[in-house]
Amino acid sequence: MGSRLTRRQLIRGAITLAALGPLAAACAPAPQPPSPPAPAFPVTVTDDDGQTVTIEREPQRLITLAPSNTEIVYALGIGDRLVAVSDYSDYPPEAAAKPKVGYIRVDIERVIAYNPDLILATGAHRQQVTPQLRQRGLKVITLDPKNIDHVFDNILLVGRATGQTATAEKLVADLKARVRQIETKVRQAKTRPRVFFELDKSLFTVGPGSFIHDMIVRAGGENIAGDADRPYPQLSLEVLLQRDPEVIIITDIGPYGGETPESVRARPGWQTISAVKNNRIVPINPDLVNRPGPRIVDGFEAIARALHPELFSFRLPTPIDRPAGTYARLTQQLSEVFN
Amino acid sequence: MTAGVHGRQPLTARRRRVIPGTLILAGLVLTVGLLAVSFGPVRIPVPTVWAIILNRFVPGLIEADWPPTLATIVLDVRLPRVILAGLVGSALAAAGATYQGLFRNPLADPYILGVASGAALGASVAIVALPSTALLPVSPVPALAFTGAVLAVAAVYLLGRVDHRLPTTTLILAGVAVGSFLSALNTYVMILGGNRIVQIIAWLLGGFTGANWFQVTLMLPYLLAGLLVLIAFGYRLNVLQLEDEEARQLGVDVDRLRLLLAVSGALITAAAVAVSGIIGFVGLVVPHLVRLVFGPNYRTLLPLTALAGAGFMVLADLAARTLLSPVEVPVGVVTAFVGGPFFLFLLQRRKREVF
């Protein structure tokens, strides 16, 4: 169930994503004028499968098997080396134009035909796909992060494997600084709001062992499904009402998911919930919280902001006095999409 | 196959225990219903639960000293859920009994005429291709599931008909063929749906997580109409246990009776599936349980099966929502888990007597 949910979430916000296009600039680090000396290949790395992979020359023909991996490659500034990407790779927008090779079920023949010199897979490919590719002598690196810090390690790993070590280090330093900033802010919070994170309206949610649960706790929230026995449990409506969340985060948004604060408010019986009474139903683009790539920090910030709006409550820049900075552009984009 | 349906025991011996048995069964089902309303994943003192319910019907009778959340839980979550589970359970069980009698086949279940695969296809199309509830006044899923189920049965009827006759063999074959064709289509829609696949699977698993009063009112008219027809004409299923020619000689219009019962069974199954998804085992096991206890006379079998089905499903759903609280268990897992072994146990115990 877990992997299916994750997959669904991975894909679901596809349409909202298109509107978020310019965020690419926000995540990609500024180009470094003096190009750092390329590390001497061959490079040997150990991936999340525990496999040691030796890469002889700087890879020029990359294939990603998950949207998150595509986002990492673009963030390292080498998106042009992608010869093919996974299905649902739609960020940054130019990724959508690349040839697709499948996602959970990968078209092995097409992957081979592209003659890649490095493939970035995920834990979901461990059983069926990765062994087949390795058998054929292809270089595969598996990224299977379990929390935000692990995502940063993965970015560094991909950086080393592709000869972009300096870029990766700069990117990760920036991302870590942002996480620290958010965590410092959250530490000032006087409350620890109870939160219900809704994956879809049949009340599937996140429990311990999931990426999102981890982020909720770090963002200073109390997950009302924190005592569940699995990462993606289905909560009883009775229990939901009794535990009375102060914040409800919805991610099944967009034209197909279609949930909105209004639709949640209109559900029979939900009117007694604090989050509904106090108008604290917050939509978050699922791709930000479900894709373990550089944008996970945006997702972390979105959760922290949903839990502690008072700590983040600055006036959104108006078009006139809006500074040209990427952060301002990011908040502008987010507010346009979600308000 | 008829041997399984007809006991060797004289009917009078069975009849003697039908009346007290019915009373005991009714008492059991009532108890189960009261238990299911009294207990849930949220522990509310039982007197409070009933005070809340009493207060709803006779406002002001008891002073409301409970938080409004508890009233919402009891009145808007638990009560409609128990009632919906009961309605669905009785629909599936009665339809199962009807089809077992109609096809003289102990393996027949409510889904034998393609209702499940038709409904599943309809639901999948609604989930994948239609915009969500936010853009429409009501969810399109139950509507399309119901339409799919009805269309599937219509196709089975047209394909299974032979010169204005409705032989059981061709009907079953048409059901199987249409069913697997629609399942294949459904699989294709699921693959096309990509990101919506989990919603489809959740629907296919079935259950009462989202039960509300609207669903109860949606289902009730179909169930009442269908059940009434089944109970009114079901006793003629006794005659259908004979060969068609013999039944005709007894003055029964075999084909019209078959059509009437098949359509009624399909209608209540479609209504059940539309609101709760596809829940297995109830429609197969409950009629057999009732038959093992009360004998094969369809005059009593059909109403008793409807009653027992309600009780069984309410109990299964009580387990589904309390066993792993606060997490839900799919009710289909419970019905299979409990129904299967219990059925085998009864079968083992009464094998000599029945067969």
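The values are calculated or read from the model by the stated rules, or taken from the named source; none is laboratory data. Predicted model only: the values in this text are computed from it and were never measured. Quick reminder, even Gly has a Cβ in these numbers, built from the backbone with ideal geometry, and neighbours come from all protein chains shown.
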Going through region A:97-107 in order, the residues found to be without any contact (Cβ under 8 Å) to a residue 40 or more places away in the chain and over 19 Å from A:ARG61 (Cβ atoms) are A:ARG105
So is B:THR187 at pLDDT 85 or above, touching a strand residue (DSSP E or B) at 6+ places or on another chain (Cβ under 6 Å) and more than 30 Å from A:VAL264 (Cβ to Cβ) or not?
no
Suppose we filter region A:134-152 for residues that are within 25 Å of A:ALA75 (Cα to Cα) and not in a strand (DSSP E or B); how many remain?
11
Of all the residues that make up region A:261-303, how many are touching a helix residue (DSSP H, G or I) at 6+ places or on another chain (Cβ under 8 Å) and under 25 Å from A:VAL239 (Cβ atoms)?
22
Expected output for region A:74-95 (first residue closer than 19 Å to A:ILE112 by Cα, partner of a type in the set (Lys, Arg) and in a helix (DSSP H, G or I), Cβ below 8 Å, 6+ apart or cross-chain) is A:ALA84/A:ARG110
Before we move on, is B:VAL293 touching a residue at least 40 places away in the same chain (Cβ under 8 Å) and either in contact with a strand residue (DSSP E or B) (Cβ under 6 Å, 6 or more places away or on another chain) or closer than 28 Å to A:SER202 by Cα (or both)?
no
Those residues of region A:66-97 which are outside any loop (DSSP other than H, G, I, E, B), farther than 13 Å from A:LEU143 by Cβ and touching a strand residue (DSSP E or B) at 6+ places or on another chain (Cβ under 7 Å), in sequence order:
A:ARG81, A:LEU82, A:VAL83, A:ALA84, A:VAL85, A:ALA95
Filtered residue count, region A:245-285, keeping only those that are in contact with a strand residue (DSSP E or B) (Cβ under 6 Å, 6 or more places away or on another chain) and among the acidic types (Asp, Glu):
2
Just checking, does region A:92-111 include any residue being more than 14 Å from every other protein chain (Cβ to nearest Cβ) and among the hydroxyl-bearing types (Ser, Thr, Tyr)?
no
Within region A:174-198, can you find the residues that are more than 17 Å from A:GLU246 (Cα to Cα) and hydrophobic (A, V, I, L, M, F, W, C)?
A:LEU175, A:ALA177, A:VAL179, A:ILE182
The helices (runs of 4 or more DSSP H) lying wholly within region A:220-268 that contain at least 3 residues that are within 7 Å of chain B (Cβ to nearest Cβ) and crowded, with 17+ Cβ neighbours inside 10 Å are A:237-243
Verdict on B:VAL338 being free of Cβ contacts under 8 Å to residues at least 40 places away in the same chain and touching an Asp or Glu at 6+ places or on another chain (Cβ under 9 Å)
no
Please tell me if B:ALA319 is more than 15 Å from the chain's Cα centre (by Cα) and part of a helix (DSSP H, G or I).
yes
Report yes if some residue within region B:40-51 is touching a residue at least 12 places away in the same chain (Cβ under 8 Å) and under 23 Å from the mean Cα position of the chain (by Cα); otherwise report no.
yes
Hey, B:ALA232 modelled with pLDDT of 90 or more and either out of contact with any Asp or Glu (no Cβ under 8 Å at 6 or more places or on another chain) or basic (Lys, Arg) (or both) or not
yes
Is it fair to say B:LEU259 is loosely packed, with under 14 Cβ neighbours inside 10 Å and out of contact with any Cys (no Cβ under 9 Å at 6 or more places or on another chain)?
no
Among the helices (runs of 4 or more DSSP H) confined wholly to region B:156-271, which include 3 or more residues that are within 14 Å of chain A (Cβ to nearest Cβ)?
B:168-193, B:197-205, B:213-233
Residues located in region A:228-255, provided they are closer than 22 Å to B:GLY206 by Cβ and in contact (Cβ under 8 Å) with a residue 60 or more places away in the chain:
A:ARG230, A:TYR232, A:ASP252
Can you tell me how many residues in region A:182-219 are small (Gly, Ala, Ser), within 13 Å of chain B (Cβ to nearest Cβ) and surrounded by 21 or more Cβ atoms within 10 Å (Cβ to Cβ)?
1
Taking the residues in region B:38-53 that are part of a helix (DSSP H, G or I) and buried (at least 20 other Cβ atoms within 10 Å of the Cβ) as candidates, determine which candidate is farthest from the other protein chains (Cβ to nearest Cβ).
B:ALA51
